[in-house]
Protein chains: 2
Amino acid sequence: MSASPYKQLEQEFKRLNAFRGALALLRWDAAVMMPRGSAEVRGEQLAAIETEHHALLTAPRLTRLLDRAQANTQGLSDWQVANLQEMRRQRDHAIATPVTLVARLAKATARAESRWIEARAQGRFDTFAPCLEEVVHLVRDKAALLGQALNLAPYDALVDEFSPGVTTADIDAILKALSRRLPSLIREAIAGQESQPLLPLSGKFPMGKQRALTLEVMKAVGFPFNNGRLDESEHPFTEGGPGDVRITTRFSADDPFSGLLGAMHETGHAMYGLGLPQDWRDQPVGRDRGMAMQESQSMLVEMMICRSRPFVQYLQPLLVRHFGASGPEWELENVYRHLTRVRRGLIRVDADELTYPLHIMLRYELEKQLLSGELAVRDLAEAWNTGAEQRLGVRPSSDGEGCLQDIHWAVGSFGYFPSYTLGAMIAAQLHESLRAGLPELDAQVAGGDFAGLFGWLRTNVHSLGSKLPVQDLLKESTGKPLAATAFIRYAESKYLDNTASSAAA
Amino acid sequence: MSASPYKQLEQEFKRLNAFRGALALLRWDAAVMMPRGSAEVRGEQLAAIETEHHALLTAPRLTRLLDRAQANTQGLSDWQVANLQEMRRQRDHAIATPVTLVARLAKATARAESRWIEARAQGRFDTFAPCLEEVVHLVRDKAALLGQALNLAPYDALVDEFSPGVTTADIDAILKALSRRLPSLIREAIAGQESQPLLPLSGKFPMGKQRALTLEVMKAVGFPFNNGRLDESEHPFTEGGPGDVRITTRFSADDPFSGLLGAMHETGHAMYGLGLPQDWRDQPVGRDRGMAMQESQSMLVEMMICRSRPFVQYLQPLLVRHFGASGPEWELENVYRHLTRVRRGLIRVDADELTYPLHIMLRYELEKQLLSGELAVRDLAEAWNTGAEQRLGVRPSSDGEGCLQDIHWAVGSFGYFPSYTLGAMIAAQLHESLRAGLPELDAQVAGGDFAGLFGWLRTNVHSLGSKLPVQDLLKESTGKPLAATAFIRYAESKYLDNTASSAAA
């Protein structure tokens, strides 16, 4: 007696999951360990495994099994039915893009990425433009095919890959609400902060000490080093999943916090991966719910927990012990001010949480225009600079701090940028419910106890895996639909708060 | 017009090679970087990629292409014809073992390996015996099937996997020649060494300094760090191939040489991998010629080059610079005596080059008896201890330093042990030809110039890849068939040499 179609599918997807794990390790190694001259060989390995993964996922046999399993779901649990839906989703996404287009995109983005690195170093967009133009053409084709297959508008189909169930209409509504309140809020916050003294944290902070501090905080938070690692790389990232999750950060000798906070951001991602439902760990329904949810977890930990007075209260004795920090500049309120400084800057990855959405709005508008053809690639740099000036009040002096600052478009990741702001909205909404459900949160964090925080997140987010679309998950865990209101409330209370020093008492 | 069968095969094997590269990285990471708790997940990844590799290699389409390509080799170069033969060899080896047996072996060896680790720690063979029995049964089945498919005796079929073209008859002839001369040679060497003073090299040698010394020597030797790495692991090993080769060693704070020499041993392997024919780097004919050739390269570098007076002459100023070494115990002759000390010991991996073959003889006899059924698994420990006493003159006091010391049998590697001694014979034979062809070798090595050495090896061994069977390759590069005579000449001249100190002048 052969296994049921559903059981056979579980076996197939278990295998596919192992392929994905191998790919994750190959990428991690390329960024963290690989000798510089080995990129070509690694590229061949990645291509071979990815191609095979794609072939297995789009094989006629798998489609037949899916058809049979979905035709009769009697006797399947709701998790199993959700698992089938996620299997179908993965297969539909994969099959919509023909192998030839996948291969052309892979080549074009590989070329564009290496040209982008050079162009960014020189700060000159014009040398990169032809490569980007090729990528835009191919992504446009992909979006059209994906849209047809998923019955979505082309750009929505791209967004669906990163934030399942979220549409342009959702994003537009949120960005509209934000653009109504953020500009004045930023002005008020900056004015308020300028009236407060800020003592500089000068000195050198040896990498080894920063690393020891970061490891201690990660241990306190519950990062399981038995199933994970912390390393260093040019850009912080998280790779892998439950069973083996690896994060990286980058330490800077002049800055005692950027390495730590980078690691805490990635720890937010990692804890999500580690909290996914154990029983489904090698199945599609056991995966995280896309990039918006991922970003919500990293931002909640970095921005809402670690850039808060209770966290600074916990951190202070560690700063004394690891750096020998003493003097008035290391007092709670001054450290907190450093961690929550609002500045209108040019670089997205350095942005605070208030100005961050402005960076996303700029990219969101421009990438939609690039894909629709409304904006020609050759005019991108000028459009960027104008947009940056309008939104952020500062104009890039070179393309390196303008439209060349992010890798996303070079590697074909269109539709990804909104995830950051969606993530911030989700984070604020979760944070509000978390605080309501766990009134002792601040006291726990101040005491270095993070079990309540991650317990809540595990119950209400992590353990749900991919069982529900983003919005349904959010309704389930917060009782409210996805919106910008919680974020605006959070931002107002945090950045217009003038009862500063009393809050930590 | 579709590509020729040969060209299609090249494409297929290029893909298979990328799979092998990915597997190599997954294994390297497991030994060097992986968090301890991630073994299960890694096991699933390895199994998925290995299974797929096996399926692709044994697919009917590939066999049909091979039949068509080999039916008409007109117009193919001799390298291409040799490539076809190696493709066939790989396919024949893979297809002879049915997938079900491969899977059972994988499970049995995984179980045996973890039990072996525990049993070795406790020094008790009886708790490991049932697991080993299961492995022996499965390997016996595998050997029988492989023997049928390759038209070889079962044990010869296992040897063929590691040392293509070498048979039991070849091994027997070599071991017979060695057992006629080695016991007396060892006695004479030990007696001679006992009459010479040996000053102890006491002190502590910080790991960081040992690492710096090792890196400096590896750079001098020509290890290309742009395509490779040095790391640390419990047992030294080499993983990967041209394009990305990674070696490990293990430093001991009490011993200034074991970490360095472990790294040089592995560098011998790595230089072989890096010297393989560039044009064939992703094809079967571009691979190394099996484990006996591999071991010849590591032993030649470690034993014949690095444990020589000219090398010590080169090394001495480095010891002064890195360790601040001074005093009579650091003089050339005393260091050389440390590096060439002959001792009858229980542990194979610690053995000198004279007693090493005795360890292999013991294992070779026992594994043949285990496979034929002549020796029951439950009687192995006793047979081992008796054999060790007879051959080495010392009896293990626990199974941990007896039949549990090596991992090979636990992981199903029967037929592998002879490679070490075959490798030593090949190394001596190559070394003899190398010295004849490069009279300035000693002077070069003493001056820290290794270009002549590796140039010769590249021309005469590395660049031939897998074009010829082991014996033919050896005839081509040394003009002589595989035999023990060169090794015995080398051993006599090195270990019965009483003109010691003059040789370095």
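The values are calculated or read from the model by the stated rules, or taken from the named source; none is laboratory data. Since this is a predicted model, take the numbers as computed values, not measurements. Positions of Cβ are generated from backbone atoms using ideal geometry, with glycine treated the same way; all protein chains shown enter the neighbour counts.
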Has the range B:227-250 got at least one residue that is closer than 30 Å to B:Asp497 by Cβ, modelled with pLDDT of 95 or more and either assigned to a helix (DSSP H, G or I) or among the basic types (Lys, Arg) (or both)? no
Mind counting the residues in the range B:164-195 that are of a type in the set (S, T, N, Q) and under 19 Å from the mean Cα position of the chain (by Cα)? 2
Test result for A:Lys7, in a helix (DSSP H, G or I), closer than 30 Å to B:Val245 by Cα and not polar (S, T, N, Q): no
Evaluate the following for B:Leu9: is it in contact with a Pro (Cβ under 8 Å, 6 or more places away or on another chain) and either away from chain A (no Cβ under 11 Å) or modelled with pLDDT of 95 or more (or both)? no
Of residues in the range A:113-163 being over 23 Å from A:Glu86 (Cβ atoms) and among the acidic types (Asp, Glu), the one nearest to the chain's Cα centre (by Cα): A:Glu113
Can you pull out every residue in the range A:276-290 that is crowded, with 22+ Cβ neighbours inside 10 Å and part of a helix (DSSP H, G or I)? A:Trp280, A:Pro284, A:Val285, A:Gly286, A:Gly290
Would you pick out the residues in the range B:200-212 that are more than 14 Å from chain A (Cβ to nearest Cβ) and either of a type in the set (Gly, Ala, Ser) or touching a Pro at 6+ places or on another chain (Cβ under 8 Å) (or both)? B:Leu201, B:Ser202, B:Gly203, B:Phe205, B:Gln210, B:Ala212
Single match in B:Thr51, B:Thr63 (criterion: hydroxyl-bearing (Ser, Thr, Tyr), more than 10 Å from chain A (Cβ to nearest Cβ) and surrounded by fewer than 19 Cβ atoms within 10 Å (Cβ to Cβ)): B:Thr63
Does B:Gly37 qualify as being within 9 Å of chain A (Cβ to nearest Cβ), surrounded by 19 or more Cβ atoms within 10 Å (Cβ to Cβ) and small (Gly, Ala, Ser)? no
For the range B:342-355, pairs from a residue that is more than 17 Å from B:Met299 (Cβ to Cβ) to a residue that is assigned to a loop (DSSP other than H, G, I, E, B) and among the basic types (Lys, Arg), with Cβ under 8 Å and 6 or more apart or across chains, are none
Show the residue pairs that are 6+ apart or on different chains and have beta-carbon atoms under 9 Å apart, the first residue being within the range A:96-120 and closer than 17 Å to A:Leu56 by Cα, the second being outside any helix (DSSP H, G or I) and at pLDDT 90 or above. A:Val99/A:Thr58
Residue within the range A:250-263 that is surrounded by 22 or more Cβ atoms within 10 Å (Cβ to Cβ) and out of contact with any helix residue (DSSP H, G or I) (no Cβ under 6 Å at 6 or more places or on another chain) present: yes
Considering only the range A:356-398, how many residues are closer than 30 Å to A:Gln196 by Cα, surrounded by fewer than 15 Cβ atoms within 10 Å (Cβ to Cβ) and in contact (Cβ under 8 Å) with a residue 40 or more places away in the chain? 2
What pairs come out if I take residues in the range A:141-154 that are touching a residue at least 40 places away in the same chain (Cβ under 8 Å) and pair them with residues that are surrounded by fewer than 18 Cβ atoms within 10 Å (Cβ to Cβ) and acidic (Asp, Glu) whose C-beta lies under 7 Å away, six or more apart or interchain? A:Ala149/A:Asp92; A:Leu150/A:Asp92
For the range A:437-455, the count of residues that are more than 26 Å from the chain's Cα centre (by Cα), part of a loop (DSSP other than H, G, I, E, B) and in contact (Cβ under 8 Å) with a residue 40 or more places away in the chain equals 1
A:Gly222 fails exactly one of (1) buried (at least 20 other Cβ atoms within 10 Å of the Cβ); (2) within 16 Å of A:Leu300 (Cβ to Cβ), namely (1)
Of the residues B:Ala18, B:Ala31, B:Ala106, which is assigned to a helix (DSSP H, G or I), within 28 Å of the chain's Cα centre (by Cα) and crowded, with 21+ Cβ neighbours inside 10 Å? B:Ala18
Can we say B:Leu101 is closer than 26 Å to B:Gly400 by Cβ and in contact with a Lys or Arg (Cβ under 9 Å, 6 or more places away or on another chain)? no
Scope the range A:50-77; condition aliphatic (A, V, I, L, M) and either outside any loop (DSSP other than H, G, I, E, B) or under 20 Å from B:Leu16 (Cα atoms) (or both); matching residues: A:Ala55, A:Leu56, A:Leu57, A:Ala59, A:Leu62, A:Leu65, A:Leu66, A:Ala69, A:Ala71
Out of A:Thr459, A:Thr485, which single residue is more than 20 Å from the chain's Cα centre (by Cα), within 18 Å of A:Gly423 (Cα to Cα), of a type in the set (Val, Ile, Thr) and at pLDDT 95 or above? A:Thr485
Considering every residue within the range B:401-415, establish whether at least one is of a type outside the set (Asp, Glu), touching a Ser or Thr at 6+ places or on another chain (Cβ under 9 Å), modelled with pLDDT of 95 or more and part of a helix (DSSP H, G or I). no
In the range B:456-473, which residue that is part of a helix (DSSP H, G or I) and among the hydroxyl-bearing types (Ser, Thr, Tyr) is nearest to B:Leu276 (Cα to Cα)? B:Ser463
Pick from the range A:217-262 the residues that are among the small types (Gly, Ala, Ser) and under 21 Å from B:Gly37 (Cα atoms): which of them is nearest to the other protein chains (Cβ to nearest Cβ)? A:Gly243
